[in-house]
Amino acid sequence: MFLPLITIHCAILGLALFSTNKGYGFLEGLIYALGAGGGVTIDLDLLAPIWEETRILNIPNVVKGTALNLIILSLLLMAFLDNFKVNN
């Protein structure tokens with residue numbers, strides 16, 4: 001039940017360790033921390049309501065869990081990347 005929360009905490013710890021291993025200075029570290037924190041916040045704000053809706057819906061057991069999360073994330077990624085097309 002608490003696996004998504006544990007995963008988020010591991011991601012935040014990973015971001016902190018990555019920042020220290022890169023040897024960022026104060027300003028670089030601050031920019032990195034604000035960007036990473038903003039990204040995690042946006043991620044949680046986007047996915048939390050979707051996860052709540054999937055608990056209510058009648059979804060087959062085959063698709064529940066990781067498979068459903070990957071499908072949702074891939075659809076969101078395609079929606080965002082559609083806005084960043086590069087014209088050749």
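The values are calculated or read from the model by the stated rules, or taken from the named source; none is laboratory data. All values reported here derive from a predicted model rather than from experimental measurement. Note that each Cβ is placed from the backbone with ideal geometry, even for glycine, and that neighbours are counted across all protein chains shown.
Cβ contacts < 8 Å: first residue closer than 15 Å to THR7 by Cβ, restricted to segment 38-54; second residue in a helix (DSSP H, G or I) and small (Gly, Ala, Ser), any location; separation 6+ or different chain. Result?
VAL40/ALA11
Do the conditions hold for GLY37, that is, is it modelled with pLDDT under 85 and over 16 Å from the mean Cα position of the chain (by Cα)?
Considered against the rule, which asks whether it is modelled with pLDDT under 85 and over 16 Å from the mean Cα position of the chain (by Cα), GLY37 comes out as no.
Yes/no matrix, rows are residues, columns are (1) charged (D, E, K, R); (2) over 28 Å from LYS64 (Cα atoms):
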{"residue": "LEU17", "(1), (2)": "no, yes"}
{"residue": "PHE26", "(1), (2)": "no, yes"}
{"residue": "ILE31", "(1), (2)": "no, yes"}
{"residue": "LEU34", "(1), (2)": "no, yes"}
{"residue": "GLY39", "(1), (2)": "no, no"}
{"residue": "ILE42", "(1), (2)": "no, no"}
{"residue": "ASP45", "(1), (2)": "yes, no"}
{"residue": "ALA48", "(1), (2)": "no, no"}
